[in-house]
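Down below is the structure, laid out as structure tokens.
Please treat every number below as a calculation from the coordinates, not as lab data. Predicted, not measured: the structure shown is a model, and the values here were computed from it. Here the Cβ is made from the backbone with ideal geometry for all residues, glycine too, and neighbour counts use every protein chain on show.
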Amino acid sequence: MKRFFVLIVALFVLSFNISTSAAMLNPENFQTQDENAEFAGNAELPDTSTLELDAESAVLIEQETGRVLYEKNKDEKLYPASTTKILTALLAIENGNLDEIITVGNEVNLTPRDSSLACIDVGEQITLKDLLVGLMVSSGNDAALAIGAHIGRTVAGNPDMPYTEALDKFYELMNKRAAELGATNSHFANPHGYHHQDHYTTAYDLALIAREAMKHEVFREIVQITYMEYPDWNEVDKNDPTKKATRYWVNKNRLLDKNSKEYYYPYATGIKTGYTSQSGHCLVSSASKDGMNLIAVVLKSSKNGQWTDSIKLLEYGFEHYTIYEPLKKDQVVTTIEVHNHASEDPGIVDIVATQGFRDVIAKEDVAKIQQSIEWYYTDENNQLHLEAPVYKGQVVGKLTYNLNGRTIWEGELIAARNVEREKNIIERIIPGSDNESHSTSKWYPSIWIAVVILLLALIGFMFYRIKRRRRRKYILRWYR
């Protein structure tokens, strides 16, 4: 009898272990990596010693990842001139309605007389988008002031705010947004970049700001415009008084100008020029080739150097780097058969990546990259081995990419769907016993084992009673 009760206790312990295992396999316990996880690392930069630039400061980044591909004094504080307008345009796009018609106020009278203009008039009614064209194509400082005052009032929620206060609000917004983007070595004191002692930035900060601006389609469209004719607000055509005079907005970025035989760069897509006597010649340029988008910044360069420096940087990037994308989100890495699956289930499950791997890699390093997989459920041959039940999203392994012995990326591999296990005899007898929620079904193993134990206990007790009765009868007969 003692052996029988020892068996009962052992069965209860077994039921507890099965319940614990079922709870561990609950999909609520699965944790996957953030699909927006940052890139873990990369190769060192190729040799840049042959890159001779006129610019005092320069940087080249890949637009999608923001990775620095080349730098020269990238954190040196310098004057940005009209490249400032990239930030002004970004704030207009982020905070304004581009179709809204703006009535230009007296803020445009603050435009320095010797600065570039879009010829915006006081009282003119113009859309915010057209002001952006005047800002980025014609490099109009008057357009910058009109935008700054309007966005300042918009952010303050006060359309009647005096333009001086509205502009102060805009400058506050400029510095706040720059800091949010990581441009922490900058300070902006006006919306156009006309020289101010306390208005400065760095090549790297400008690259960060330009990268954010280039995420907006309307910005990318505007910075590629090379020439636009726009009707004047209050002047008439001298040759035809029935028509408005024309304003001619010309982009000074010679990388975009097909007529510039010396400096035209066929892959160029923008962005903004800048010049003052204190800043020297500045250029923030962008280019796209073979699926890769680059942003180059040169500050305090020479008149010709702004173009030649930028082309050298962009060509260097395209020559030495490539977009490497061996893995996409939800890509099937392998397909396996799950053991002990339900008879009505084919038992085949795709193992997929929770996130993709896409980055800019030095071309010389691509062939050196190695892929490895660590499976969390394996057989004696260290191969993936899964027993049903399997849950959608269950983490089954980790995929790693290594370069020169260093991990450059890793991500989790998961099951793409649920795979039910084969029903036991009790589940076959009682329909629907396996269709409860996970919070209940995880206790089924222990419940049914407990039932079996009770049945065994009852049978054992019955045998014990029968045995005792037979023994009593035998004793009574003996005494008689």
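The table below gives the values:
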| read-out | value |
| --- | --- |
| Taking segment 57-301 and dividing mean pair separation by its residue count, relative contact order in percent (alpha carbons under 8 Å, at least six apart) | 25 |
| 5 angstrom amide H check on Tyr391, placed H, neighbours 5+ away | Val419 |
| Per-residue ³J(HN,Hα) for segment 343-349, Karplus 6.51 cos²θ - 1.76 cosθ + 1.60, θ = phi - 60°, Hz, x for Gly and Pro | 4, 7, 9, x, x, 9, 9 |
| Calculated FRET value between Asp160 and Asn234, using beta carbons and R₀ = 35 Å, to 0.05 | 0.90 |
| Residues Tyr321, Tyr227 arranged by fewest to most Cβ contacts within 10 Å | Tyr227, Tyr321 |
| Distance in nm between pseudo-label sites at Val366 and Thr226 (7 Å out along the Cβ direction from Cα) | 3.1 |
| Packing-based exposure ordering (other Cβ within 10 Å, fewest first) of Val452, Val298, Val108 | Val452, Val108, Val298 |
| Relative contact order (%) - criterion: Cα under 8 Å, at least six apart; region: segment 245-392 | 15 |
| Whole-angstrom gap from segment 206-270 to segment 301-334, using each part's C-alpha centre | 25 |
| Cα-based Rg of segment 57-301 normalised by 2.2 N^0.38 Å, two decimals | 0.98 |
| For Glu235, distant residues with modelled amide H under 5 Å away | Ala245 |
| Residue exposure sequence - Leu110, Leu456, Leu256 - by fewest surrounding Cβ within 10 Å | Leu456, Leu110, Leu256 |
| Under 13 Å, Cβ to Cβ, from Ile222 - net charge with Lys/Arg +1 and Asp/Glu -1 | +1 |
